[in-house]
Amino acid sequence: MEQTTREPKLNPTARIAKNSLVQIVAGVLNKTLGVALVIYAARQLGTAGFGQYAFVLSMNAIFFILTDFGLGTLTTRDLARQPDQDARYFSNIAILRFLLSLLAGSGMVLTVVLLGHPPLIVGLTLVAAFSLFFNSNVDTASAIIYAHQRMEITATVSVIVTTLRVTVSLGALAVGAGVMALIWIHTLAAAVHMVFLFGVLFYFSPPSWSLDLAFWKKMLRQAYPLALANLFSVIYFRVDTIMLASLQGQEAVGLYNAAYRLLEFTLILPAYYGGAIFPVISASYANNTQRFMLIYRRSLKYMWMASLPLAVGTFMLAPKFIQVLYGPDYAASVPVLSILMWTLVLIAVNSINAPYLITMGRQKTITVLVLIGMVCNVIFNALLIPRFGMLGAAWVTLGSEVLTIGLFMWALRKPLALRWRTIGNFLRPAMAAAVMYGVLYFITSWDLGFQIMLGGVVYCLLLWVLRAFDEVDMEIFTRILHPTRQGGIKIT
């Protein structure tokens, strides 16, 4: 995929900022549309119907990992270093992932049958299985575009497709359609997404189809630890929904996922920021150690600053959020949301760690760490869900994140020379968030919109008063505002 010659050469800091911004903006638009669909579906389908919808999508997320197998991440990493290998990677990875999608789709349907779910759930799962093939191709095309740091292309396409999917889905619900219609729309939207991205790739660089079994062997050997880590991770995040369906029923799944979907909305921040820094750190790992270290330490700080007010504010305002968005039928989701939102802070900070381990070639380390977290998650869900239901699942999610971030930070302590003084970057935002919480506590009778705006203003103002941004941050912001300015950035 060729870079546009008229595009000015951006410094690495500006590239990260640009790629983060376009993806976050697109992510906010997509997630806002998605949340609108979730809210309307929850109201129209009821707790049981919404539970069926959430269950099928959770199964889809688990088995998608088999179609990915870590190949998308490795494609981005490798092509960031060898941009002239597009055709070879596309043709071989696309064929390989087609075979993996057949295996994944068959396995997903068989698993639902073996779990003893009724024919309706089996039928929904069968339709959703087709989306695995389409989404695997979307992921392959996106990985190549990411490697060239042209995130605005994937962002634009994703917004267009999401807008179409949500618009059609809302219309279907409005005329009385059920869960089956929503799953069909989900699958067809994935097909449209694939066609759009393939069109972009073919326009920039027409593929030359080839089959290189030696290349397959090499990629699979490198990817399998990452595939296992991704599988363990998605089980880690979705097993609570699967176990709730079996142990508590579809109504509990609906109530739990009403809160969980709001958490997922906020996760666009760490997800897209991690994706934006990945090609930059992959390219700088071998030849610019200072940049590599700087991005890590400052990224931890920025993720903490950005996620903390969201968690604190949602914890304080959870009853109003649930009432306004879902209505009184979902009141039981309030304590679940209050617990789950604290995981945002942990996930945001930990989202920096996996890309760094992958860049270092330590995929096996990720596999082991995520496996430990997954095993603990499954065991404690099995113990707590039968006794405490949704609240047990929420507490297990939070506890598992505490364990996981501790393991990842321990693994990176030596290669990244982590020091206790780094914790100092966390204290001022924590103080600002604590004051924000106090302000929100004393204005509980205010309108929700005013509370959100005032909380945000108070937090940002206190960051400035407490001087949470130092001279290195100022230098970074200068390079963002002057994107063609090149040069080194000092490290602290």
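The values are calculated or read from the model by the stated rules, or taken from the named source; none is laboratory data. Note that this is a predicted model, so its numbers are computed, not measured. Reconstructed Cβ throughout: ideal geometry from the backbone, glycine too, with neighbour counts over all protein chains shown.
At a glance:
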read-out	value
Any chance Thr492 is at pLDDT below 65 and in contact with a Leu (Cβ under 8 Å, 6 or more places away or on another chain)	no
Test result for Thr140, surrounded by 21 or more Cβ atoms within 10 Å (Cβ to Cβ) and either more than 30 Å from Phe90 (Cβ to Cβ) or at pLDDT below 90 (or both)	yes
Among the candidates Leu244, Leu255, Leu228, Leu262, residue that is modelled with pLDDT under 80 and closer than 29 Å to Trp342 by Cβ	Leu228
Hey, Tyr356 surrounded by 16 or more Cβ atoms within 10 Å (Cβ to Cβ), among the aromatic types (Phe, Trp, Tyr), in contact with a Phe, Trp or Tyr (Cβ under 7 Å, 6 or more places away or on another chain) and in contact (Cβ under 8 Å) with a residue 60 or more places away in the chain or not	yes
Residues (in contact with a Gly (Cβ under 9 Å, 6 or more places away or on another chain) and either more than 22 Å from Val122 (Cβ to Cβ) or surrounded by fewer than 17 Cβ atoms within 10 Å (Cβ to Cβ) (or both)) located in region 179-205	Met180
Unique residue being out of contact with any helix residue (DSSP H, G or I) (no Cβ under 7 Å at 6 or more places or on another chain) and of a type in the set (D, E, K, R) when the list is Arg362, Arg291, Arg298	Arg362
Conditions (1) hydroxyl-bearing (Ser, Thr, Tyr); (2) more than 18 Å from Ile347 (Cβ to Cβ); (3) out of contact with any Leu (no Cβ under 7 Å at 6 or more places or on another chain); number of the one not met by Ser299	(2)
Listing of helices (runs of 4 or more DSSP H) fully contained in region 278-378 that carry 3 or more residues being of a type outside the set (Asp, Glu), at pLDDT 80 or above and under 30 Å from Ala41 (Cα atoms)	289-325, 334-340, 342-350
Residue within region 371-388 that is surrounded by fewer than 21 Cβ atoms within 10 Å (Cβ to Cβ), in contact with a Phe, Trp or Tyr (Cβ under 8 Å, 6 or more places away or on another chain) and either closer than 30 Å to Leu448 by Cβ or of a type in the set (S, T, N, Q) (or both) present	yes
